[in-house]
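Trainee: Below is one structure. I have some questions about it.
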Amino acid sequence: MSQTAVIDHLAAAEPMLPHRALISAIKPEAYGISTFSLEYMDGVAPAGFAPGQFNMIHLPGVGEVAISICSDPDEPRVMGHTIRYAGSVTRAISRLKVGDIVGLRGPYGNPWPMQLAQGKDLMIVSGGIGLAPLRPVILQVLHHRDSFGRVIILYGGRTPQDLLYTDEFEHWQDGRIELFVSVDRADENWKGQVGVIPMAFYRIRLDHRNTLVYSCGPEIMMRFVIYEAMARRIPKDAIYVSMERNMKCAIGFCGHCQLGPTFICKQGPVFQYSAIEPFFGREEF
Ligand SMILES: Cc1cc2nc3c(=O)[nH]c(=O)nc-3n(C[C@H](O)[C@H](O)[C@H](O)COP(=O)(O)OP(=O)(O)OC[C@H]3O[C@@H](n4cnc5c(N)ncnc54)[C@H](O)[C@@H]3O)c2cc1C
């Protein structure tokens, strides 16, 4: 059996076994947030991923964290992970450099339903780091622009300095994507909108029979996004949200990420809103 086959065999037998991955680039995005490009080593072939899926990044002796894949699904060899330094594991990741090695396993989770969006208008609504799992959607739209109708992004951040991927905004707009950016608190250089992002719904006329909404961000933001979308007669079935809970195994064993009768790692993180409505907003304990 070849070495690659042995690793594949082990991975199949040990679904929680991380593989070695090289940090090939680190791009600072905002204060306390950077994007880490990771490439599998030892001949491990990337499995490919779909927009909205996540990986588990493992630091031996420190722990493991769930991080969304934010890069282009058409280039699965190099996977981007935009990481906010929140606690013990992500702070340890913040001290790593290009050339360092981490453990990586994945991809996991239910992705955004890109097939369903074909031929439809797509509204992407995100806040803060919630744009990370939606960036692969945007990149897919740009690759296959004619397969979609109108594509609108509503993106909100606390301040202009907290916004991610700002260097790509022009390219997105050149690709016939309508982009509305708003911040909660402006500074003297900010020329854009000020206010929470669900308010941007008031600036757009939507075709409720033909629009899908994909949303990721703080749950309080998504609650208002759902409200504004439904107020415009977009059906619950056409609204998709990406949920976050404390995650441990990522393969449906441990139950840490349970949301009502579902596990976010298996049935999520992307859910049709109608499927989780009774449990939406329920705090984890
Ligand atoms: C499917 C999924 C995708 C994710 N994608 C990303 C991503 O792309 N980028 C990113 O930076 N983070 C992402 N996260 C969140 C990340 O996994 C957590 O923030 C992780 O706990 C950080 O680990 P830590 O050891 O650094 O911090 P911890 O020590 O675990 O926690 C630090 C603080 O954050 C709180 N916290 C932990 N997990 C969460 C959570 N899920 N939601 C809200 N608060 C939490 C803790 O209660 C604590 O107060 C994702 C989580 C999930 C479930």
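The values are calculated or read from the model by the stated rules, or taken from the named source; none is laboratory data. What you see is a predicted model; the values in this text were computed from it and never measured. All Cβ positions, glycine included, derive from the backbone under ideal geometry; neighbour counts span all protein chains shown. Note: areas computed on protein heavy atoms with side chains; ligands, DNA, RNA excluded. Shrake-Rupley method; radii C 1.70, N 1.55, O 1.52, S 1.80 Å.
Trainee: Assess whether Asp237 counts as being within 30 Å of Gly48 (Cβ to Cβ) and free of Cβ contacts under 8 Å to residues at least 12 places away in the same chain. Working first, answer last.
Mentor: Details: within 30 Å of Gly48 (Cβ to Cβ): yes; free of Cβ contacts under 8 Å to residues at least 12 places away in the same chain: no.
Taking the combined requirement at face value, the residue does not satisfy it.
Trainee: Within the range 160-178, is there a residue that is touching a residue at least 24 places away in the same chain (Cβ under 8 Å) and at positive phi?
Mentor: Yes, the range 160-178 contains a residue that is touching a residue at least 24 places away in the same chain (Cβ under 8 Å) and at positive phi.
Trainee: Could you look through the range 34-77, keep only residues that are away from the ligand (no atom under 16 Å from the Cβ), in a loop (DSSP other than H, G, I, E, B) and closer than 18 Å to Ile101 by Cβ, and pick out the one that is most open to solvent (accessible area, probe 1.4 Å)? Let's see the steps before the verdict.
Mentor: The first filter runs over the range 34-77 and keeps only residues away from the ligand (no atom under 16 Å from the Cβ), leaving 39-48, 74-77.
Imposing the further condition that a residue be in a loop (DSSP other than H, G, I, E, B) reduces the set to 41-48, 74-77.
Pick out the ones that are also closer than 18 Å to Ile101 by Cβ and you get 41-46, 77.
Numbers: Met41: 43, Asp42: 71, Gly43: 54, Val44: 19, Ala45: 72, Pro46: 46, Arg77: 148 Å².
This residue is Arg77.
Trainee: State which residue is least open to solvent (accessible area, probe 1.4 Å) when the search covers only the range 78-91 and only residues that are within 9 Å of the ligand (Cβ to nearest atom) and assigned to a loop (DSSP other than H, G, I, E, B).
Mentor: At the first step, the residues of the range 78-91 found to be within 9 Å of the ligand (Cβ to nearest atom) are 81-91.
Checking the rest, the ones that are also assigned to a loop (DSSP other than H, G, I, E, B) come to 85-87.
Working: Tyr85: 61, Ala86: 60, Gly87: 23 Å².
Looking at the filtered set, the residue picked out is Gly87.
Trainee: Can you give me the number of residues within the range 105-120 that are more than 14 Å from the ligand (Cβ to nearest atom) and either surrounded by fewer than 17 Cβ atoms within 10 Å (Cβ to Cβ) or not in a loop (DSSP other than H, G, I, E, B) (or both)? Give the derivation first.
Mentor: First, pick out the residues of the range 105-120 that are more than 14 Å from the ligand (Cβ to nearest atom): 113-120.
Narrowing the set further to residues that are either surrounded by fewer than 17 Cβ atoms within 10 Å (Cβ to Cβ) or not in a loop (DSSP other than H, G, I, E, B) (or both) leaves 113-119.
Residues that pass the stated criteria total 7.
Trainee: Here is a follow-up. Considering only the range 159-180, how many residues are surrounded by 13 or more Cβ atoms within 10 Å (Cβ to Cβ) and either among the acidic types (Asp, Glu) or assigned to a loop (DSSP other than H, G, I, E, B) (or both)?
Mentor: Here the count works out to 10.
Trainee: Now for a separate question. Is one or more of the residues making up the range 1-17 modelled with pLDDT of 90 or more and open to solvent by 40 Å² or more (accessible area, probe 1.4 Å)?
Mentor: Of the residues in the range 1-17, the ones modelled with pLDDT of 90 or more are none.
No, the range 1-17 has no match at all.
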